[in-house]
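K.L.:
Pasting a structure below so you can have a look.
The values are calculated or read from the model by the stated rules, or taken from the named source; none is laboratory data. Not measured: the values here are computed from a predicted model. Cβ atoms come from the backbone with ideal geometry, glycine included; neighbour counts cover every protein chain shown.
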Amino acid sequence: MASSLIGFPLRRGVVSVKFRETSFDLLKDLLSNLNKVNKDNLDGLSTCSGGFKQRKLVEYIFLITQKLRLDPMVGYHAVELLQRFMVKQLTVMLAAIPTQGATSCEDVIFDNLKDSFPLTLFSCVLLANKMFLHHNMIDISTAVRFLHSLGISISKQNLLESELMVFKGLDYRLSVLNPLVYVEVILEVLGKVFG
């Protein structure tokens with residue numbers, strides 16, 4: 001983490017900040033910008049937000065990353081990707097279903113998601129892993145063998161299609177602002193102040 005590179009989407013491009021190599025003024029401006037972007041994001045939150053950060057889901061994602069010997073950061077990013085993707089999927093599903101009754105609507109959505117959810121979750125882990133090229137990369141054959149060991153029968157083609165579906169569902173944006181970005185910047189500021 002000490003040498004990680006952070007990319008922040010700004011209006012004019014991406015600013016790359018290396019740990020312990022930036023000025024205090026730049027970090028202060030970056031935190032102010034992060035705060036503004038965060039407030040804007042909070043104003044536009046869906047009612048589904050936060051529902052996919054439940055303890056059991058997070059534990060499951062981290063068990064997968066542990067079994068595959070991936071960096072824990074992959075797990076954190078997979079949780080964020082899953083959250084964003086599922087909120088978008090649920091929003092689309094809720095808009096497409098006519099409002100009859102709350103129970104029937106929930107049943108329809110549950111039936112649509114129950115079979116594909118484990119694969120969607122695993123696709124988020126694979127996409128998050130691809131963000132960390134300097135760590136253990138999981139190839140498609142290893143991923144299929146891992147899923148088979150969990151009792152999920154899937155072909156390489158279906159796994160790739162699931163990964164592409166999640167990637168498209170995220171509008172091809174894997175790296176977005178999330179709590180980890182804030183923590184890294186705050187650690188950088190503390191390193192400047194006390195280091």
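K.L.:
Any chance segment 43-53 includes a residue that's of a type in the set (F, W, Y), under 19 Å from L170 (Cα atoms), surrounded by 15 or more Cβ atoms within 10 Å (Cβ to Cβ) and at pLDDT below 70?
P.N.:
For segment 43-53, residues of a type in the set (F, W, Y), under 19 Å from L170 (Cα atoms), surrounded by 15 or more Cβ atoms within 10 Å (Cβ to Cβ) and at pLDDT below 70: present.
K.L.:
Sort out for me the helices (runs of 4 or more DSSP H) sitting completely within segment 104-195 that have 2 or more residues that are crowded, with 17+ Cβ neighbours inside 10 Å, among the small types (G, A, S) and at pLDDT 75 or above.
P.N.:
It comes to 117-130, 156-169.
K.L.:
Can you name the number of the only condition in (1) assigned by TED's automatic domain parsing to the domain that holds L63; (2) loosely packed, with under 14 Cβ neighbours inside 10 Å; (3) modelled with pLDDT of 75 or more; (4) among the β-branched types (V, I, T) that T99 fails?
P.N.:
Only one criterion in (1) assigned by TED's automatic domain parsing to the domain that holds L63; (2) loosely packed, with under 14 Cβ neighbours inside 10 Å; (3) modelled with pLDDT of 75 or more; (4) among the β-branched types (V, I, T) is unmet by T99, namely (3).
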